[in-house]
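Engineer: I have a structure here, written as structure tokens, and I will follow up with some questions on it.
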Amino acid sequence: MLNQQQIKEFGRVAVLLGGESGEREVSLKSGQAVLDALIRQGVDAYAFDPMHQDIADLESYDRVFIALHGKYGEDGTVQRILDAMEVPYTGSGVTASAIGMDKWQTKLKWDEANVVTPAFELLHAQSDFTAIENKLGFPIFVKPANEGSSIGISKVKQTGELKVAYELAAKADPLVIAEACISGGEYTVGILGDKALPIVRIVPKTEFYDFEAKYLRNDTEYLCPCGLSAEVEATIQQEALDAFNAIGCNGWGRVDFLMDEVGKHYFLEVNTSPGMTDHSLVPMAAKAAGIDFDALVIQILQMTLKTEIDDVA
């Protein structure tokens, strides 16, 4: 851990939490956990909820730990505001945050970089839903392109269900994706700086890793070690870093992937402001790498000091 002089270099720190997205409650938990960790380490840190506080007041802080999830928090909006204020912050910048939040834009970037992802189709009200069902096969996952925490996601299992699933997802975001199901296992790779953390395998007791499995249930299994061979894990960790960098991300984040029945992996999405709750995956992976929660939070915040040095240079 850092000494007191190093801790003082952080100055006055705002922990951005809550906000106005559909992930507000999760963000409040993440932010509180981060705030508690910073205070335990002697950092001069304060909760800042933009739902109840004037965003302009962030200018009075020396740096910001972003623990907002979803729209406005990890889509480049608050990052753009902080850039204009010249206040350093954790995580990726404006463009990478915006792309990472948008599953469609992420897939386009990954296609350019030859990152393998599941087959997908964009949906709209006039889509030929039957043709898309035939093209992608069953089951199909339908999801809002700009939501997280599995909000608005459906699993379509038979002909005629795709349109209903589209209408549900469209309530959360007008841009909706239908994606082929890859059913050999769900995994995630935490990214910390320029390193990939140990892979975590997620084994939900629900039909898929939905909001309930992520935040409300205690029977979801998280396996770390993940069960893959050391060679396969190392290969996927490097590819996850490449996928993260292909979008222009930096600092920290998470890259999710799926395995099919024959062991081929498909990258699913990137998260530029991952959860930091007691159910969250990056803290779990960091612990497996020998980094406790407080040390993880401090390491993430330390990256904002490097940003300042780079800006001066």
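Engineer: Could you sort the peptides 40-50, 295-305 by per-residue average Cβ neighbour count (10 Å cutoff), highest mean leading?
Structural biologist: Details: 40-50: 18.2, 295-305: 19.7.
Ranked from most to least packed, the peptides come out as 295-305, 40-50.
Engineer: Taking the range 62-161, which trypsin sites (Lys or Arg not before Pro) meet the DSSP loop condition and have no more than 15 other C-beta atoms within 10 Å? Show your work: numbers first, answer last.
Structural biologist: Details: sites: R63, K71, R80, K103, K107, K109, K135, K155, K157; in loops: K71, K157.
The qualifying sites are K157.
Engineer: Report the extension gain between K8 and K306 in nm, rounded to one decimal, defined as 0.36 nm multiplied by the number of residues separating them, less their alpha carbon distance.
Structural biologist: Details: separation 298, 0.36 × 298 = 107.28 nm, distance 1.51 nm.
Roughly 105.8 nm would be gained on extension.
Engineer: So how strong a dipole does the chain carry about its Cα centre when Lys and Arg Cβ are +1 and Asp and Glu Cβ are -1, to the nearest 20 debye?
Structural biologist: Using only the charged Cβ atoms, the result is roughly 400 debye.
Engineer: Now a separate question. How much of the accessible area of the chain, probe 1.4 Å, is carbon plus sulfur, in whole percent?
Structural biologist: Numbers: 6930 of 13880 Å².
Ligands and nucleic acids excluded, carbon and sulfur give 50 percent.
Engineer: Looking at the range 55-95, which chymotrypsin sites (Phe, Trp or Tyr not before Pro) are DSSP coil and have at most 15 other C-beta atoms within 10 Å of their C-beta?
Structural biologist: Of the chymotrypsin sites (Phe, Trp or Tyr not before Pro), not one in the loops of the range 55-95 has a Cβ with at most 15 other Cβ atoms within 10 Å.
Engineer: Which residue, G19, Y266, A37, has the largest displacement toward the positive end of the dipole of the chain when charges sit on each Cβ (Lys, Arg +1; Asp, Glu -1)?
Structural biologist: Going by the Cα projections, it comes out as Y266.
Engineer: Any idea of the accessible area per residue across the range 239-280, 1.4 Å probe, to the nearest Å²?
Structural biologist: Per-residue accessible area for the range 239-280 comes out at 33 Å².
Engineer: Also, I was wondering about something else. Please list the helices of the chain that count as membrane-span-like by this rule: a mean Kyte-Doolittle hydropathy of at least -0.5 together with Cα atoms stretching 27 Å or more along the helix axis, each helix being a complete DSSP H run. Numbers along the way, then the final one.
Structural biologist: Numbers: long enough: 293-312 (30 Å, 0.67).
Those that pass (Cα extent of 27 Å or more, hydropathy at least -0.5) are 293-312.
Engineer: Here is a further query. Please compute the contact order of the range 147-205 in relative form: average sequence separation of alpha-carbon pairs under 8 Å and at least six residues apart, divided by the residue count, as a percent. The partial results should precede the final answer.
Structural biologist: Working: 42 pairs, mean separation 13.0, N = 59.
The normalised contact order for the range 147-205 reaches 22 percent.
Engineer: Would you please classify the overall shape of the range 1-60 from the alpha carbon gyration tensor, given that a ≥ b ≥ c denote the square roots of the eigenvalues, rounded means a/c under 1.5, and beyond that prolate means a/b larger than b/c while oblate covers the rest?
Structural biologist: Values: a/c = 3.90, a/b = 1.63, b/c = 2.39.
The shape class here is oblate.
Engineer: Positive end of the charge dipole of the range 82-167 (Lys, Arg +1 and Asp, Glu -1 on Cβ, about the Cα centre): tell me which of A131, G100, Y166 has its Cα farthest that way.
Structural biologist: A131
Engineer: Same structure again: Could you compute Rg(Cα) / (2.2 N^0.38 Å) for the range 234-286, with N its residue count?
Structural biologist: On the way: Rg = 11.8 Å, N = 53, 2.2 N^0.38 = 9.9 Å.
Cα-based Rg divided by the globular estimate yields 1.19.
Engineer: Moving on to the next point. Note down the magnitude of the dipole of the range 140-200 about its Cα centre, charges +1 on Lys and Arg C-beta and -1 on Asp and Glu C-beta and zero elsewhere, to the nearest 20 debye. Walk me through the numbers on the way to the answer.
Structural biologist: Values: 6 positive and 7 negative charges, 26 e Å.
The dipole of the range 140-200 has a size of about 120 debye.
Engineer: Right, here's the next one. How many angstrom lie between the C-alpha centres of the range 18-82 and the range 218-234?
Structural biologist: 31 Å
Engineer: Just need log10 I(q)/I(0) for the chain at q = 0.08, 0.12, 0.16 Å⁻¹, Debye formula, equal scatterers on the alpha-carbon atoms, no solvent, rounded to two decimals.
Structural biologist: -0.35, -0.79, -1.38
Engineer: Same structure, new question: Taking the range 222-313, which GluC sites (Glu not before Pro) meet the DSSP loop condition and have no more than 10 other C-beta atoms within 10 Å?
Structural biologist: Details: sites: E231, E233, E239, E261, E269, E308; in loops: E261.
In loop regions of the range 222-313 (DSSP not H, G, I, E or B), the sparsely surrounded GluC sites (Glu not before Pro) are E261.
Engineer: Here's something else I'd like to know. Rolling a 1.4 angstrom probe over the protein heavy atoms, how many square angstrom per residue are accessible across the range 41-189?
Structural biologist: Numbers: 6310 Å² over 149 residues.
Accessible surface, normalised per residue, equals 42 Å².
The values are calculated or read from the model by the stated rules, or taken from the named source; none is laboratory data. Predicted, not measured: the structure shown is a model, and the values here were computed from it. Using ideal geometry, Cβ is built from the backbone for each residue, glycine included, and neighbour counts are taken over all protein chains shown. Quick note on the areas: whole protein, heavy atoms, side chains included, nothing else; ligands and nucleic acids left out. Shrake-Rupley method; radii C 1.70, N 1.55, O 1.52, S 1.80 Å.
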